[in-house]
1. So if R0 is 30 Å, what FRET efficiency would ASN340 and GLU416 give, r being the distance between their Cβ atoms, rounded to the nearest 0.05?
2. Can you give the direction-averaged projected area of the convex hull of the alpha-carbon atoms in the chain, in nm²?
3. Quick one: if you stick a label point 7 Å off each Cα along the C-beta vector at LEU449 and GLU149, how many nm between them?
4. How much length, in nm to one decimal, is gained on full extension between ALA227 and LYS322, taken as 0.36 nm per residue of separation minus their Cα-Cα distance?
5. Taking only Cα atoms, what is the 0 to 90° angle, nearest 10, from helix 106-126's long axis to the longest principal axis of the chain?
6. Quick one: Karplus J couplings for the range 469-482, per residue in order, coefficients 6.51, -1.76, 1.60, θ = phi - 60°, nearest Hz, x for Gly and Pro?
7. With a 1.4 Å probe and all protein chains in place, put GLU276, GLU101, GLU149 in order of accessible area, largest first.
8. Under 5 Å between amide H atoms, partner at least 5 residues away or on a different chain: which partners does ASN41 have, H built in plane at 1.01 Å?
Amino acid sequence: MTFHAKFSGYADPALHAAGLYIGGKWQSGSGITVLDPSTGNLLAEVADAAIEDAQRAVDAADAAAARWRATPARQRSEILRRWYQLLTQHAEELATLIALENGKALADARGEVAYAAEFFRWYAEEATRISGEFRHTPSGSHNILVDHEPIGIAILITPWNFPAAMAARKIGPALAAGCTVILKPASETPLTAYAMARLGEEAGVPPGVVNVLTTSNPGGITNAMLADPRVRKLSFTGSTGVGRLLLAEAAKSVVSCSMELGGNAPFIVFDDADLEAALDGAMIAKMRNAGEACTAANRFYVQAGIHDAFVAGLTARMKSLKIGPGYDPETQCGPMITQNAVRKIDRLVSEALAAGARATTGGKPLTENGYFYPPTVLENVPVNASIAREEIFGPVAPVYKFESDDEAIRLANNTEYGLAAYIYSRDLKRAMKVGKRIETGMLGINRGLMSDPAAPFGGVKQSGLGREGGVTGILEFMEPKYYAVDY
Ligand code: NAD
């Protein structure tokens, strides 16, 4: 791994890991350039894994598997706990690293590191609580004993938008369950993944238990690993499009899949909502990570009586945000990840404007260096515009007016996605009744933020399969084994 001068001076050199991490060994290399999205300049260059590297990673994960699954839960737990402590200890350097390669504002990056670390703490605790079951058959013929066993080698594929948290949300439960893993981080943000692996090594994770591969050929490498009969799990977080491809590939060798895919979250504000609270929640739900979050509010449905005040309040708040590089401590809205991301947002906004929407602030990309799009509020957006169907993944808040509860529910459910939704109302009974009819895996009621390591995170419909976090997250990495016992 080579570093751009600006980057090398950023933090603790202990976090400067050197390329692919396979079987506890660092293998330097080049081929993947990491850019600073606030300038487009080169930040670092990291190794580009080939198919043979992936095969070696599976060999390493396999060689470590028997010993790791036999390691007492308390010991696995203590390693995870040390990893949590090290992440916490290095929080500031990691946050800077995330802000550099991902572009998010430092405050968001600090929040992400804390969130990521909590997955190690939570699963350090859960590792010691893996339970089984004992039942009698209804006929009385025998006894049913159910054990949970580690599922086997797991491939973990993560996106660029939460480079630390998405890795932690998979590694934590996988290791707690007794699995060995191969992490393939997004090539836009590999540095955070390598830094985390470096801390895992320091925490005492044995060689081969966690392996990390960056590659410019994710399809080729993943398909090769999925075809290896020793690989039994694929845990993917990313777009629904890539998720569909991987599900088809995993079907060939019937590999168990957990899928955390795209979202199109509705944010419903009823007339009886506390306006200030709804605006606070809207800013969090929309602007965390500058809108680059799968749970980001993508469609604001606001009831007619509160609509104009909500649009005015949201516009004032969005207009006041300071735009800049993520690592500048003053920044509240950083750049998008790539120029392509800016182009996509621009297309969605331009189409909405052409169809009759009005921008009350923002509305076109910034032309300076870097991949910036300004905080934008759109009103009078047609409900069938492409911006209502596609993930915006940027700082754009389209607002739609509605009249009745039934209309809000119909509009909210009019999507192939079902990851997150938000409702603001002072009437909790109404919010719960409406919430019951919303097709979603997660629902924030009078809250703009729902993510928590102790809660089951995941979606319905084409937003995914399975849940991460919470008490059930560990089961994604385990198989029940049934013993029919007579005695
Ligand atoms: P992406 O699907 O383009 O990439 C995700 C990961 O998959 C990356 O590591 C990428 O290199 C890899 N990948 C791409 N093609 C592949 C292939 N053919 N085989 C194997 N791996 C492949 O997504 P992205 O742009 O990195 O992330 C944004 C998307 O992720 C959004 O849709 C967002 O909603 C979603 N996301 C979902 C959650 C969730 O928990 N549901 C969380 C964060 C992000």
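1. According to the calculation, E is roughly 0.85.
2. Convex hull of Cα atoms, orientation-averaged projection: 23.6 nm².
3. For the pair LEU449/GLU149, the computed spacing is 4.2 nm.
4. Working it through step by step, the gained length comes to 29.4 nm.
5. With rounding to tens, the tilt is 40 degrees.
6. Each residue's phi maps through the Karplus curve to give x, x, 6, 8, x, 5, 5, 4, 10, 9, 10, x, 10, 9 Hz.
7. Numbers: GLU276 100, GLU101 0, GLU149 45 Å².
Result, largest first: GLU276, GLU149, GLU101.
8. ASP36
The values are calculated or read from the model by the stated rules, or taken from the named source; none is laboratory data. Just so we're clear, the structure is a prediction, and the values are computed from it rather than from any experiment. Positions of Cβ are generated from backbone atoms using ideal geometry, with glycine treated the same way; all protein chains shown enter the neighbour counts. Surface areas here come from the heavy atoms of the whole protein model, side chains and all, with no ligands, DNA or RNA. Shrake-Rupley method; radii C 1.70, N 1.55, O 1.52, S 1.80 Å.
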